[in-house]
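Everything on this sheet refers to the single structure shown next.
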Amino acid sequence: MDEHVSDAIGRPDLIDLGGGLLCLRFETLKVVSALAAVRRLIETGTVRPGDTVIDSSSGVYAHALALACHRYGLRCRIIGSTTVDRTLRAQLEILGVHLEQMESTDDLRLDQNRRVRRVREILAQNPDYHWMRQYHDPVHYLGYREVAETVRSEAGGGALTLVCGVGTGVSSGALGGCLRESDPGTRVVGVQPFGSVTFASDGVPDRDIIIAGIGSAIPFGNVDHTLYDTVHWTGFQAALAGTVDLLRRHAVFAGLSSGAAYLAARWELELDPGRTVVFVAADTGHRYTDSVFARHREAEAVEDLKPLDIADTSELQLPWARMEWRRAGAPRQAQFDRTA
């Protein structure tokens, strides 16, 4: 029996979609990460029950941190993106979170920079607050080992490919790293939106949307570029096709980044059908009802889509591109200065 709802929400489902394709489906991906991070901070005495933790979030991490704080008796303050919707705002308010949401903007770089700047302003006024720094503190890598062990055990002993949205780098990095401990040949495939600095697609904006949660307009310290064998960049229309097909074909109701990962995973499986390919579905589709699922008639058939294979990021083009990253280091614009 679970001791707290966060245990149930954080535990993913591993679903066999057939033909060597597995879906690692989370209700809210970052719950296991936030729980483990907060638990470690309490164990080390960095924070104590009653203390306040603060961070910036586009939505998923805000919910995860709120649940961790509820469980361990901490106060929570979130500087939220414009993407935090009404349903999440209500949950956070009832859970006692102090949410400060940024004004609407179409510029992700402006949104992220404003949020981080506001966090720094609040910390200057409240030096006793603890900044969780989900983008940069490796404490967030904790929590995924048990998930990786479940995947390895239930997927069998064959060759494995992990496909996951990159975002802060924590989930794909932690899962990929743990899986490689038992099999160094495990392939890690990162999924990015266009317009993100992390893998140098910032020069190719997507006019429809920047997929919140899997890209970034600022360098993230938790992204280890040398973990990734391959990178896929998907625009909104490609991700829409994947998201709708995932529901129509497999009845999995998941978010837009999950659809992008599903699309990439199908392609990787087609290229190497001898491997088992597991992709991460980071959240449910509820907050995408109007922006994605209501537009399902616009979705192209996934069979009609294929990525543009490129050899250099200067060749990136919408709506979908793929590149063998070969565990190379960070591009110039994604290099994080830890002394700053």
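Rule-based calculations on the coordinates, nothing more; no lab input. This one's a predicted model, so the numbers in the text were calculated from it and none came from an experiment. Positions of Cβ are generated from backbone atoms using ideal geometry, with glycine treated the same way; all protein chains shown enter the neighbour counts.
Neighbour counting of Cβ atoms within 10 Å sorts the residues C23, C178, fewest neighbours leading, into C178, C23.
Here the relative contact order of region 31-133, from alpha carbon pairs under 8 Å that lie six or more residues apart, stands at 30 percent. Full extension of the segment from E3 to R338, taken as 0.36 nm per residue of separation minus the current Cα-Cα distance, would add 116.9 nm. Placing +1 on the Cβ of every Lys and Arg and -1 on the Cβ of every Asp and Glu, with nothing else charged, gives region 120-239 a dipole about its Cα centre of roughly 100 debye. Which is the longest part of the chain that has none of the trypsin sites (Lys or Arg not before Pro) sitting in a DSSP loop with at most 11 other Cβ atoms within 10 Å? Answer from the scan: 1-206.
Cysteine residues of the chain whose C-beta has no other cysteine C-beta under 4.7 angstrom: C23, C164, C178.
Taking GluC sites (Glu not before Pro) as exposed when DSSP calls them loop (any state but H, G, I, E, B) and at most 13 other Cβ atoms lie within 10 Å, what is the longest stretch of the chain free of them, the sites themselves excluded? Between the exposed loop sites, the longest stretch runs 104-340. Given springs between every Cα pair under 10 Å in a Gaussian network model of the chain, which of T28, T198, T226 has the largest fluctuation? Top of the fluctuation ranking is T226. When only the Cβ of Lys, Arg, Asp and Glu is charged (+1, +1, -1, -1), the dipole of region 31-133 relative to its Cα centre reaches about 260 debye. In terms of other Cβ atoms within 10 Å, D111, D16 run from fewest to most in the order D16, D111. Each listed q (0.06, 0.07, 0.09, 0.12 Å⁻¹) maps to a log10 I(q)/I(0) for the chain from the Debye sum over equal C-alpha point scatterers, namely -0.19, -0.26, -0.44, -0.81.
If we count every other residue with Cβ under 10 angstrom of S182's Cβ, Lys/Arg +1 and Asp/Glu -1, where does the sum land? Result for the neighbourhood of S182: -1.
Extension gain for I310-E43 works out to 91.5 nm (0.36 nm per residue, less the C-alpha to C-alpha distance).
Considering only P193, P127, P219, the mean-square fluctuation computed in a Gaussian network model of the chain, springs between alpha carbons under 10 angstrom, is largest for P127. Computed over the chain, relative contact order equals 18 percent, with contacts defined as Cα pairs under 8 Å that lie 6+ residues apart. Springs between Cα atoms under 10 Å define the GNM used for the chain, and in it the highest mean-square fluctuation of S196, S258, S314 occurs at S314.
Model label sites at H98 and H70, defined 7 Å from Cα along the beta-carbon direction, differ in position by 2.0 nm. The C-alpha atoms of the chain define a longest principal axis, and helix 256-271 lies at about 30 degrees to it. Evaluated at q = 0.10, 0.22 Å⁻¹, a Debye calculation over the C-alpha positions of region 31-133 (equal weights, vacuum) places log10 I(q)/I(0) at -0.25, -1.17. The local environment of A311, defined by Cβ-Cβ distances under 12 Å, has a net charge of -2 under the rule Lys, Arg +1 and Asp, Glu -1. Seen against the Cα atoms of the chain and their longest principal axis, helix 108-125 is set at about 20 degrees. With R₀ set to 45 Å, the beta-carbon distance separating D208 from S153 gives a calculated FRET efficiency near 0.70. Placing unit charges on each Cβ (+1 for Lys and Arg, -1 for Asp and Glu) gives region 213-304 a dipole about its Cα centre, and among H232, A299, T276 the Cα reaching farthest toward its positive end belongs to A299. Model label points for E270 and T226, set 7 angstrom from Cα along the Cα-to-Cβ axis, are 3.4 nm apart.
As a calculated quantity, the FRET efficiency between Q317 and N113 at R0 = 25 Å, using C-beta atoms, amounts to about 0.40.
Ordered by the count of other Cβ atoms within 10 Å of each Cβ, fewest first, L271, L67 give L271, L67. Considering only I94, T46, S56, the residue lying farthest towards the positive end of the dipole of the chain is T46, judged by Cα position with unit charges set on Cβ. Here the chain is assigned +1 on the Cβ of each Lys and Arg and -1 on the Cβ of each Asp and Glu. Its dipole about the Cα centre then comes out at about 640 debye. Figure legend: label point modelled 7 angstrom from the Cα of A90 along Cα→Cβ; residues of region 51-74 with amide N under 19 Å from it are 59-60, 62-64, 66-67.
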